[in-house]
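Undergrad: One structure is given below, represented as structure tokens, and several questions about it will come after.
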Amino acid sequence: MIDLHAHTRRSDGTDTPRELMERARDAGLTVLGLTDHDTCAGWEEAAEAVRDTGVALVRGMELTCRHAGRTVHLLGYLFNPDHPAIGAHMDRLIAARHLRIVNMAEALIADGLIAPTDLDLDSPALGRPHIADALVRAGQVADRPEAFATYIHPTSRYHRPLPAPSLAETITTIHDAGGAAVWAHPRAKRHGQHSFDAIREGLSFGLDGLEIDHRDNSSADREKLETLAQAYGVLKTGASDYHGSGKPNELGENCTSEEVLGALTERTELEVIYP
Ligand code: AMP
Ligand code: FE
Ligand code: FE
Ligand code: ZN
């Protein structure tokens with residue numbers, strides 16, 4: 001079983017990279033893709049756990065970008081993290097994430113909804129889940145989903161947008177750094193749902209694949225996405241998007257075939273780390 005999309009505490013998951021690898025083993029996975037938001041900070045610790053757990057590691061990242069007026073999450077796989085283009089790209093994203101979350105936190109503190117001690121801003125890739133956790137600690141909401149439906153919803157006065165580079169530019173950056181680019185959960189509604197026209201345009205920018213088997217794509221959407229993937233000759237992946245206890249997604253609930261992983265690695269600079 002190959003699951004190519006999962007998060008750790010280095011972004012907005014709740015496990016350490018080693019814990020994630022152990023859970024991947026317990027879930028019966030043979031290959032895990034580590035794809036924290038906008039950071040490679042978990043790669044080294046996860047790689048160190050490959051031998052102990054027997055789980056192979058695909059080093060990846062879920063890059064935030066913009067397309068057709070909405071957010072896109074783009075999975076970048078097996079690129080060289082030392083390539084200057086991707087380094088500068090990550091630095092910009094991480095700085096924007098930090099500034100945005102500090103702004104949101106300040107507004108909530110000013111209105112007495114959270115205290116500075118409720119905040120844990122340790123993660124290199126800060127996002128709304130970190131504000132959600134502070135709201136839980138402060139007793140304002142029961143869990144992350146409730147926070148997302150209220151205080152940190154895009155319509156809330158405490159919400160701030162996250163500026164991000166374009167999809168086209170981000171695909172080019174991943175390719176320049178020797179990686180493969182896959183549009184994550186293309187029909188998810190969390191950031192406003194993308195039209196199939198917008199997805200077709202993304203395909204014309206040179207995507208390597210679409211993450212079709214994902215709980216946020218309905219079965220009707222998956223059928224249409226498969227037709228598109230065939231028409232454009234791109235790969236079809238599937239994955240859980242596991243976030244630890246921060247989301248209900250379970251490791252291995254959707255998977256990618258060995259053939260697709262093989263085709264993916266044929267075009268990338270880095271290789272899968274096998275035990
Ligand atoms: P941000 O990128 O800061 O806007 O936050 C979006 C992140 O929050 C995504 O990576 C999701 O993993 C997470 N997220 C979105 N909606 C929810 C929800 N209802 N419950 C838990 N986590 C969520
Ligand atoms: Fe996330
Ligand atoms: Fe995502
Ligand atoms: Zn994700």
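Undergrad: Put +1 on the Cβ of each Lys and Arg and -1 on the Cβ of each Asp and Glu in the range 115-199; which of A132, S195, L119 then has its Cα farthest toward the positive end of the dipole?
TA: Projecting each Cα onto the dipole axis, the largest value belongs to S195.
Undergrad: Further, regarding this structure: Accessible area of the chain with a 1.4 Å probe: how many percent of it is carbon plus sulfur?
TA: Working: 5490 of 11500 Å².
The value for the chain is 48 percent carbon and sulfur by accessible area.
Undergrad: When Lys and Arg each count +1 and Asp and Glu each count -1, what net charge do the other residues less than 12 Å away from M61, Cβ to Cβ, add up to?
TA: Numbers: positive: R10, R59; negative: D36, D38, E62.
For residues surrounding M61, the net value is -1.
Undergrad: Sticking with this structure for a sec: Express the accessible area of the chain per residue in Å², computed with a 1.4 Å probe while the remaining protein chains stay in the model. Mind showing how you got there, number by number?
TA: Values: 11500 Å² over 275 residues.
Per-residue accessible area for the chain comes out at 42 Å².
Undergrad: Given labels modelled 7 Å from the Cα in the Cβ direction, how far is it in nm from D91 to M1?
TA: 4.1 nm
Undergrad: OK, next. Test of understanding: in a Gaussian network model of the chain with alpha carbons linked when under 10 Å, which of A239, A49, A107 would top the mean-square fluctuation ranking?
TA: Of the options given, A107 has the highest mean-square fluctuation.
Undergrad: What FRET efficiency would be calculated for the residue pair R51, D120, taking the C-beta separation as r and a Förster radius of 22 Å, to the nearest 0.05?
TA: Details: r = 30 Å, r/R0 = 1.39.
Once the sixth-power term is evaluated, E becomes 0.10.
Undergrad: Also: Around E22, what is the net charge, scoring Lys/Arg as +1 and Asp/Glu as -1 over all other residues with Cβ under 11 Å from its Cβ?
TA: Details: positive: R18, R23, R25; negative: D15, E19, D26, D52.
Result for the neighbourhood of E22: -1.
Undergrad: Follow-up question, since we're still on this one. Starting from the Cα gyration tensor of the range 151-223, take the square roots of the eigenvalues, sort them a ≥ b ≥ c, and report rounded, prolate or oblate (rounded when a/c is under 1.5, otherwise prolate if a/b is larger than b/c, else oblate). It would help to have the intermediate numbers written out before the result.
TA: On the way: a/c = 2.26, a/b = 1.25, b/c = 1.81.
The shape class here is oblate.
Undergrad: While we're here: Cα axis of helix 84-110 to longest principal axis of the chain: angle in degrees, 0 to 90, nearest 10?
TA: Long axis of 84-110 versus the principal axis of the chain: about 30 degrees.
Undergrad: Here's another thing I want to ask about it. Considering the Cα positions of the chain, please state its Rg to one decimal place and its Dmax as a whole number of Å.
TA: 17.9, 53
Undergrad: I've got another one for you. How much of Y232 can a 1.4 Å solvent probe reach, expressed as accessible area in Å² and rounded to 10?
TA: Looks like 100 Å² after rounding.
Undergrad: Please go through the range 175-271 and write out the trypsin sites (Lys or Arg not before Pro) that DSSP classes as loop and that have at most 13 other C-beta atoms within 10 Å.
TA: On the way: sites: R187, K189, R190, R200, R215, R222, K224, K236, R267; in loops: R187, K189, R190, R215, R267.
Hits after loop and neighbour filter: K189, R190.
The values are calculated or read from the model by the stated rules, or taken from the named source; none is laboratory data. Values in this document were obtained by computation on a predicted structure and should not be read as measured data. Note: ideal-geometry Cβ built from the backbone for every residue, glycine included; neighbour counts use all protein chains shown. Just so you know, the surface numbers come from the protein's heavy atoms only, side chains and all, with ligands and any DNA or RNA stripped out. Shrake-Rupley method; radii C 1.70, N 1.55, O 1.52, S 1.80 Å.
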